[in-house]
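What follows is a set of notes on a single structure, which appears directly below.
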Amino acid sequence: MEEEGDAGVSSASINLERRAESEAAITPAVDTKEQEAWGGGPMEEEGGAVEGRRREEGGMEKRDIDHPTNNGETMVHLLKGNLGTGLLAMPEAFMHAGLWVGLAGIPIMGVICIHCMHTLLKCSKELCRRTGASALGYEETAKLAFAAGPQGVRRYARAVDITITTFLIITQVGFCCVYFVFIPQNLRQALECMTGGTGISLVGYMAILIVPLLIICYIPELKYLAPVSLIAGAIQAVGLAIIYYYMVKDLPYTLQEVPGWAGFRHLPLYFGSAIYAFEGIGLVLPIENKMRTPAAFGGLTGVLNTTMMIVVCLYAGTGFYGYLYYGDTVQGSITLNLPPNESLAQTVDILMALSVYLTYPLQMYVPYELLTPSITRRFSTPMNKKIAEYAFRTAMVLLTFALAAAIPNIGLFISLVGAISSSALALIFPPIIELVTFWPNMGRYHWIAIKGGLICVFGLLGFITGTVTSIQAIVDYFQTDHDDSIHCTSPY
């Protein structure tokens, strides 16, 4: 059979060779940064054999890799990877669906997304077991599944790899673009009201942020981001506590009556914002691959389920109470609804901006890991490789600045990114990968195929309607005049 080519875009690049149609052999390459053992035998790379390293301690398998993360650090990364600007946009998402429909939709979508995370993890482990590969990324899992899958899909392995890599990059860069809007919006609201007005525009605040973001994005290893994520999580917890105080302090009084069901017209915007909020699917495998004890990641009470249950509860609570109190006046970030003339609210703006700032490099980690090897391999000396890597990191930060400046509406940006990329990665691709990986063993009554088909249809419906509605909303936004000035008196 024909050679499918190299994956070449991730930290664990996979070389696939099809030697004979009957054996369909797959030879995975080894991560040059870490020799991570999941199971299986030797891993070959261009004629050289490298044994995956692992050791047993306390009855639990432990990876012997450089800069591993423990369970606590992994949980912090997962929390910060999922609790970003999407959490603060939940009240606006509820506005598009209605109070009770929005509340019911979050746990439903949460269960589906968490199931898809487990599906992706299961497929990755199965393919590692079959091939003896070290830990695999999202796009590598998909490529291997198709390369070793049914005869009719093997020729699509390279195309699937490129497609998922593209969606991963678009998704994570989209998240960072939202961050680039969120941080200056909150800083501007706080600082303009604290100082009496500086006259600096929103784009001006974005430009000021470039250098601080570049500095934090130069942190090279996920292990070294753990303290940053921990600090960001602590700051966010304080900010959320104050936000909840503002949302519930006057209950049962609310600013206006809100409908339980808002109709079908804006429901796709709710879907886009809600699926965006479950933004951690692209981080699941990279984070699990860096764990010292990967067996603790899955399971009923594992790190993944525990973390995501916390995430679902926070999404539901923030969306419900935020929309219940502020009603149709709610903005793309609930922080922008807080009284701007109060020092406590100004503190929240600064705290949440700082928390999101510290989360930015974690979201950029996936694009860096996917694209950096394909850039640095063009250079021969270590110094030139290092210069190329940091030049690429700089270019990515500048790209997110340019895109954020072009669409400075955080709510519309969230809906668009969620509808286009998050729905594909979180809902559409995992069932397809599972189908190809385990074919023809589809379970009793072919329930795996039926379940996967239903999830794919749900994802495609949200993808199409959410994308169309979001694009139309962006067009309408640019056709309407908007007051960009800061008002330092509370409208409530």
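To put it simply, the accessible area of region 366-492 at a 1.4 Å probe is 70 percent carbon and sulfur. Give me the percent of accessible area attributable to carbon and sulfur for region 270-311, probe 1.4 angstrom. Of all accessible area on region 270-311, carbon and sulfur atoms account for 70 percent.
As a fraction of the 1.4 Å probe accessible area of region 149-259, surface on carbon and sulfur atoms comes out at 70 percent.
Each residue of region 339-348 was assigned a 3J(HN,Hα) from its phi angle through the Karplus curve 6.51 cos²θ - 1.76 cosθ + 1.60 (θ = phi - 60°); the sequence is x, x, 8, 9, 5, 5, 5, 5, 4, 4 Hz, with glycine and proline shown as x. Are there trypsin sites (Lys or Arg not before Pro) in region 350-393 that DSSP puts in a loop and that have at most 11 other Cβ atoms within 10 Å, and which ones? Answer in residue order: R378.
For region 241-297, the solvent-accessible area with a 1.4 angstrom probe is 39 square angstrom per residue. Per residue, the accessible area of region 354-462 comes to 42 Å² when a 1.4 Å probe rolls over the protein heavy atoms.
With a sphere of radius 15 Å drawn around the Cβ of M396, what net charge do the other residues whose Cβ falls strictly inside it have (Lys, Arg +1; Asp, Glu -1)? Spelling it out: positives minus negatives among the neighbours equals -1. Each listed q (0.14, 0.18, 0.21, 0.24 Å⁻¹) maps to a log10 I(q)/I(0) for region 162-220, found by the Debye formula over equal Cα scatterers with no solvent: -0.51, -0.73, -0.86, -0.98.
About the Cα centre of region 57-187, how large is the charge dipole given +1 on each Lys and Arg Cβ and -1 on each Asp and Glu Cβ? Please answer in debye to the nearest 20. Value, rounded to 20: 480 debye.
The values are calculated or read from the model by the stated rules, or taken from the named source; none is laboratory data. Note that the structure is a prediction, hence the values are computed from the model and not measured. For neighbour counting, all protein chains shown are included, and Cβ atoms are generated from backbone atoms with ideal geometry for every residue, glycine included. Please note that ligands, DNA and RNA were not included when accessible areas were found on the heavy atoms of the full protein model with its side chains. Shrake-Rupley method; radii C 1.70, N 1.55, O 1.52, S 1.80 Å.
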